[in-house]
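The values are calculated or read from the model by the stated rules, or taken from the named source; none is laboratory data. Since this is a predicted model, take the numbers as computed values, not measurements. All Cβ positions, even for glycine, are placed from backbone atoms using ideal geometry, and neighbour counts span all protein chains on display. Side chains are part of the model used for accessible areas, which takes the heavy atoms of the whole protein and leaves out ligands, DNA and RNA. Shrake-Rupley method; radii C 1.70, N 1.55, O 1.52, S 1.80 Å.
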Amino acid sequence: MDVKLITFELRHLSDLLSLPLALYEEDRCLAAFAPHPVSFDMLAPWRPMLSTLADNPAFLLTEDALLIGQVRDTASRHVVYAGPVSPEKLHEAAMERILSAGSPWLLPSDLREITLYLNACQTISVDRFARLLQLLYGLISGTVLESPPPPKDSAPVTGVHSLSALPPLESDFNLQYEDRILFYVQHGQTEKLRSMRSYDAALPTMAGSQLRQYKNALIILNSHCERAAI
């Protein structure tokens with residue numbers, strides 16, 4: 001892997017997408033880019049869990065709706081990380097829960113910087129985060145990642161997902177349906193919104209229980225609608 005080239009690409013992707021990206025060699029950070037850089041390692045609480053996963057790429061969706069992904073270079077010891085980011089706008093209570101979950105790596109004195117760090121990042125849906133990891137995998141390996149069947153259920157608190165196990169994205173129809181909802185919200189066309197037929201979209205597994213899956217899906221949709229309504 002050409003470390004200089006990958007570092008260049010990560011720097012510009014981070015800037016264009018307003019998302020945190022980092023390059024590591026085992027436990028050593030070679031480069032980290034974020035809309036609001038911090039002096040401590042925001043990935044530290046989740047890297048140990050990610051490092052145990054055999055799947056490549058893989059990502060976590062935590063109980064507090066944080067997305068953290070990893071893409072390994074199979075020819076070396078280099079790893080690219082994406083996140084932590086969220087599919088929703090995070091409020092103060094969520095920041096405090098993230099701080100608590102990140103202990104002992106994240107300290108109480110870090111709360112303000114964590115808040116600035118996460119608020120500076122663009123919100124991103126699980127579907128788009130998965131496609132970002134596909135892109136990163138292609139940049140590192142020079143190959144295209146296919147998408148076989150959906151992942152199995154995992155732990156109820158933290159979902160662990162293999163990107164290679166995500167279902168084929170129903171992107172054309174899913175995104176058309178989503179875009180129509182957001183268009184009606186943006187233009188205040190509430191009657192057309194109410195008259196839309198229901199549609200059961202095929203979503204990646206985002207939680208270990210059905211109730212939490214629905215909750216995460218509603219959080220993501222609400223986040224998109226809030227942005228469209230601005």
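Here are a few things to note about the model shown:
- Sorted largest first, extent of segment 1-160 alpha carbons per principal axis (Å): 41, 36, 26
- Where segment 1-113 is the region considered: accessible area per residue in Å², 1.4 Å probe: 49
- Charge context of residue 139, other residues only, Cβ under 12 angstrom, K/R +1, D/E -1: -3
- Carbon + sulfur, % of accessible area of segment 1-154 - ligands and nucleic acids excluded, 1.4 Å: 55
- In Å², nearest 10: area of residue 215 left accessible to a 1.4 Å probe: 80
- Residue 9 accessible area, 1.4 Å probe, all protein chains in place, Å² to nearest 10: 50
- Summary value for segment 11-80: 27 percent relative contact order, contacts being C-alpha pairs under 8 angstrom separated by 6+ residues.
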